[in-house]
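The values are calculated or read from the model by the stated rules, or taken from the named source; none is laboratory data. Keep in mind that this is a model prediction, so the values were computed, not measured. Don't worry about glycine lacking a Cβ; one is built from the backbone with ideal geometry, like all the others, and counts go over all protein chains shown. These area figures cover heavy atoms from the full protein model, side chains too; ligands, DNA and RNA do not enter into them. Shrake-Rupley method; radii C 1.70, N 1.55, O 1.52, S 1.80 Å.
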Amino acid sequence: MSDSTQRVAIVTGASRGIGRAIALRLADPNRANRHVVLASRTEGPLNDLKTQIEAAGGKASVLAVDVADPKALQAAVDSVADKLGRLDILVNNAGITKDGLALRMSDEDWDVVLDTNLKSAFVATRAAARHMMRGKFGRIVNIASTSGVVGNAGQANYAAAKAGMIGLSKTIAKELGGKGITCNAIAPGFITTDMTHNLPQQVKDDLQKFIAVRRLGTPEDIAAAVEYVTSDDAGFLSGQCIVVDGGMTMA
Ligand code: NAI
C-alpha cells in the first residue's frame, strides 16, 4: 500500500505490555504494515517505541491522552483522522485494575475502573466510527478479559467493565456491520505483563495447572490474535468474544 492508502490504527495503552506488543505487530512492515498511532498517558515511553518501529521500517505516531477523560479522548481520536486523513483500526487496550472484595470496594475504585476500562472504549469507538464510516471500512477490537467472561473474586469492578466491553462489542457489531465496520472483543487469560507481575510465583505455578497448554500467555499471543481480527481478511468475523487463554476457561 502507498502512504496515502496505508491503513491507520490507534492502539491505546501502547506504552507497555499487551498494547506495546499489539503496536509492534501491527506496525511491522513484514506483517500488517499499519501506520500505528501509539496512545497512552505520557509521551516518554511512546517516543522510544516510535523510534523502535521506525528503525524497523514501520510507521508510527505518538498520542498522549488520558483515556479516562472523555473530552480529551474524543479530541485525540478526531485529531488522528484529521492529521493522517483516515482512521481504519481502533484497539481499545488501555486498562487498569483496582482489586478488592466487592463488599469492601469503594465507589471511587468502582468508578475509576469503569471509566478507564469501559467508558473509554465507548467514547473512542463513537469517535472513531464516524471516521471509519467515511472510508466504509473499520476494525474495532476491545481487549476484554476472561474475568469478564467467567467472573473473578476480588475483581467486581474489573469483571463488570470487561463484561461490559463484550456487550459493547456485540452491539457495535450489530449497529455498524452494514457500514463495513466489524467489532470484536478479545479476552486474554493470564498474560505476563506489569499487570500480573506482582502475583506470587506460587500462584503463577498453581495457575498453570488449569491452563491446557501449561504456560502463562505472552503479550505476543494476544497481538497475533489482534493482527488477524484487524486484517482486511477478517471482514466476516464480527460480534465475537475471542478467548485467548491457552484453554483455561473454555467457556
Ligand atoms: P499494563 O498495566 O502493562 O499496561 C496498561 C497500559 O494502559 C499502559 O500503557 C498504561 O499506560 C495504559 N493506561 C492505563 N490507564 C490509562 C489511561 N487512563 N489513559 C491512557 N492510558 C492508560 O497492562 P497489560 O497487562 O498490558 O493489559 C493491557 C490490557 O489487557 C488491559 O485492558 C487489561 O485489562 C487487559 N488484560 C490483561 C491481562 C493480563 O494478564 N495482563 C489479562 C486480561 C486482560
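Listed by chain and number, the aspartates and glutamates placed with their C-alpha closer than 16 angstrom to that of K209 are D245; residues fewer than eight positions away on the same chain are left out. Modelled label-to-label distance, A251 and K209, 7 Å Cα→beta-carbon offset: nm? Here the modelled spin labels are 2.2 nm apart.
Kindly provide the helix-only [θ] at 222 nm of the chain, computed as the sum of -39,500 (n - 2.57) over DSSP H runs of four or more divided by all residues, to the nearest 500 deg cm²/dmol?
-13500 deg cm²/dmol
Starting from the Cα gyration tensor of the stretch 146-251, take the square roots of the eigenvalues, sort them a ≥ b ≥ c, and report rounded, prolate or oblate (rounded when a/c is under 1.5, otherwise prolate if a/b is larger than b/c, else oblate). It is prolate, given that a/c is not under 1.5 and a/b is the larger ratio. Straight-distance candidates among the lysines for linking to K119, with alpha-carbon spacing under 20 Å and chain neighbours fewer than 8 residues away dropped: K71, K98, K162, K170, K174. Rounded, prolate or oblate: pick one for the stretch 1-97, where a ≥ b ≥ c are the square roots of the eigenvalues of its C-alpha gyration tensor, a/c under 1.5 means rounded, and failing that, prolate if a/b is larger than b/c, else oblate. Oblate, because a/c is 1.5 or more while a/b does not exceed b/c. Among residues other than I18 with Cβ under 14 Å from its Cβ, the summed charge is -1 (Lys and Arg +1, Asp and Glu -1).
Compared with the dominant Cα axis of the chain, that is its longest principal axis, helix 70-84 is turned about 40°. Only Cα pairs under 8 Å and 6+ residues apart enter the sum, and on that basis the relative contact order of the stretch 1-138 stands at 25 percent.
The fraction of accessible area contributed by carbon and sulfur in the chain is 51 percent, rounded to a whole number (1.4 Å probe; ligands and nucleic acids excluded).
In degrees from 0 to 90, rounded to the nearest 10, what is the angle of the helix 120-135 Cα long axis to the longest principal axis of the chain? Computed tilt is about 30 degrees. For the stretch 148-160, 3J(HN,Hα) computed residue by residue from phi via the Karplus equation (6.51, -1.76, 1.60; θ = phi - 60°) reads x, 8, 10, x, 7, 4, x, 10, 4, 5, 5, 5, 5 Hz, glycine and proline entered as x.
Entry comment: accessible area of the chain is 47 Å² per residue, from protein heavy atoms only and a probe of 1.4 Å. Angle of helix 43-55 to the longest C-alpha principal axis of the chain, folded into 0 to 90 degrees and rounded to 10: 60°. The length gained by stretching the chain between D78 and N198 to full extension, at 0.36 nm per residue less their Cα-Cα distance, is 39.6 nm. Between amide H atoms placed 1.01 Å from N, distances below 5 Å from I191 occur with G217, all of them 5 or more places distant or on a separate chain. Go ahead and run the numbers for FRET between E54 and I96, Cβ-Cβ distance against an R0 of 41 Å, rounding to 0.05. Result of the calculation: an efficiency of 0.90. When only C-alpha pairs under 8 Å and at least 6 residues apart count, what is the relative contact order of the chain, in percent? It comes to 19 percent, rounded to a whole number. Peptide packing for 193-202, 119-128, 45-54 was compared via the average number of neighbouring C-beta atoms within 10 Å per residue; ordered from the highest value, the list is 119-128, 45-54, 193-202.
Length gained on full extension, T171 to D233: 20.2 nm, using 0.36 nm per residue less the C-alpha separation.
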